[in-house]
1. How many residues does the stretch 60-74 hold that are assigned to a helix (DSSP H, G or I) and modelled with pLDDT under 80?
2. Considering only residues of the stretch 43-56 that are at pLDDT below 90 and surrounded by 13 or more Cβ atoms within 10 Å (Cβ to Cβ), which is nearest to Ile10 (Cα to Cα)?
3. Under 9 Å between Cβ atoms, at least 6 apart or on separate chains: pull out the pairs that start in the stretch 108-126 with a residue that is over 13 Å from Leu88 (Cβ atoms) and assigned by TED's automatic domain parsing to the domain that holds Leu95 and end on any residue that is at pLDDT below 75 and part of a helix (DSSP H, G or I).
4. Kindly evaluate Arg72 against the criterion of being exposed (fewer than 10 other Cβ atoms within 10 Å of the Cβ) and either among the aliphatic types (A, V, I, L, M) or out of contact with any helix residue (DSSP H, G or I) (no Cβ under 7 Å at 6 or more places or on another chain) (or both).
5. Does Arg11 satisfy the criteria of being touching a Leu at 6+ places or on another chain (Cβ under 6 Å) and in contact (Cβ under 8 Å) with a residue 40 or more places away in the chain?
6. Can you go through Ala90, Ala85 and tell me which one is under 28 Å from Arg11 (Cβ atoms) and surrounded by 15 or more Cβ atoms within 10 Å (Cβ to Cβ)?
7. Within the stretch 26-42, can you find the residues that are out of contact with any Asp or Glu (no Cβ under 8 Å at 6 or more places or on another chain), surrounded by fewer than 16 Cβ atoms within 10 Å (Cβ to Cβ) and within 24 Å of Gln84 (Cβ to Cβ)?
8. So which pairs qualify, if the first residue must be in the stretch 88-101 and over 18 Å from Tyr117 (Cβ atoms), the second must be of a type in the set (A, V, I, L, M), the Cβ gap must be under 9 Å, and the two must be at least 6 apart or on different chains?
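The values are calculated or read from the model by the stated rules, or taken from the named source; none is laboratory data. None of the values given here were measured: they were computed from a predicted structure. No Cβ is skipped: glycine too gets one built from the backbone with ideal geometry, and neighbour counts run over all protein chains shown.
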Amino acid sequence: MEFGEKLHNIRISKNLSQEELAEKTGISRRSIQNYESGKMLPKKRETYAVLAEALGVEESVLLNRDIDFVLRANEQYGSTAMRQAMDLVADVKALWAGGEMEEEDMDEIMRALQEAYHEAKQRHHG
């Protein structure tokens with residue numbers, strides 16, 4: 001389940017309107033609306049903590065590996081890298097979502113991604 005769906009479902013289960021959640025968190029109702037619709041993700045880790053506290057859940061309930069990856073890209077390299085990371089995650093998910101790709105082809109893509117990662121890491125660290 002994606003972040004926006006989780007946020008929406010938890011908010012509804014707590015009988016909170018978007019306006020009430022906005023008041024509890026200090027986050028604009030428009031931002032909460034955009035989070036829930038999937039139009040955007042919070043750019044700072046602290047926002048997840050604030051939302052989790054207001055909803056009475058652990059932060060880990062709202063976070064997942066994809067979000068953590070995107071947040072780290074933003075923290076280390078800025079908003080352009082964050083958008084690129086979001087696009088990459090979405091593209092890979094879309095590629096595999098079709099269900100028509102052979103497992104060995106998916107494995108080959110993962111190997112290529114890992115190789116590209118290790119090469120970039122070596123270039124970055126000398």
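1. Total meeting the criteria: 10.
2. It comes out as Arg45.
3. none
4. Here the answer is no, as Arg72 does not meet what is asked.
5. Against the criterion (touching a Leu at 6+ places or on another chain (Cβ under 6 Å) and in contact (Cβ under 8 Å) with a residue 40 or more places away in the chain), Arg11 qualifies.
6. Criteria check complete, one pass: Ala85.
7. The answer is Asn34, Ser37, Lys39, Met40.
8. Filtered contacts from the stretch 88-101: Met101/Leu95; Met101/Ile109.
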